[in-house]
Amino acid sequence: MASSYEEISFNLSSDLIKYLKSVCESGELSKSNCDRLLKLIEENDSIPLSLLYETTSQINGKGLNQALLTTEMIIPSPKPPQRSKELEDRLVRLRLEAEEREYKQMTKNVSLSSNAESIASDFAKSQKEMNKQIMMMFNFMGTVIGSAVFAYVVSGSIMGEGNISFQMLAALLTGTLVFFADLYFIVKADSQSEKKN
């Protein structure tokens, strides 16, 4: 039982020092125990429980409880038991298996072929959309320019070739009218395609 008390100690508070000195002065302890206690008080800031137990058991511990009220007990941390090599190997193996399962769980729906296909699909979709917009722009410009040229030629053949200002006015009015009509249909088609998506 004494071996379990060996590592536990008490800080030497002023009350505990007074108590130990009074016990030595009372003559209840042997001279060797008193010398050992006084030397310990001078050299250390704590007293082992085993020594305190041994000392106070000789005098039945009278007054010790009052001295210990202001004293702090120092209890060392327990030492964990050593693990066997077999257990360590098993823990390493289980840790590696758990990491492997976690990695497979994270990467189960990621594959290189599906990733490449989705990139190609996205690129093809954006290329198709860009071609559609370029064709729409050329169609828009061709329609406006074509209608202006048509109005210029038709007004020239109706009014005669000499009236250029009338021909330019007819071409400008027709081109502007076709521009806004075409713009209306482009915006309408674009808003309908956005509603579908």
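Which condition from (1) modelled with pLDDT under 90; (2) surrounded by 10 or more Cβ atoms within 10 Å (Cβ to Cβ) is the one that A98 breaks?
Condition (1) is where A98 drops out.
Give me a count of the residues in the stretch 143-178 that are β-branched (V, I, T) and at pLDDT below 90.
Of the stretch 143-178, the ones β-branched (V, I, T) are 143-145, 149, 153-154, 158, 164, 174, 176, 178.
Retained after the next criterion (residues that are at pLDDT below 90): 158, 164.
Qualifying residue count, the stretch 143-178: 2.
Quick check, is F166 surrounded by 14 or more Cβ atoms within 10 Å (Cβ to Cβ) and without any contact (Cβ under 8 Å) to a residue 24 or more places away in the chain?
Numbers: surrounded by 14 or more Cβ atoms within 10 Å (Cβ to Cβ): yes; without any contact (Cβ under 8 Å) to a residue 24 or more places away in the chain: yes.
So F166 passes the test.
The values are calculated or read from the model by the stated rules, or taken from the named source; none is laboratory data. Values in this document were obtained by computation on a predicted structure and should not be read as measured data. Glycine also receives a Cβ, built like all others from the backbone with ideal geometry; neighbour counts cover every protein chain displayed.
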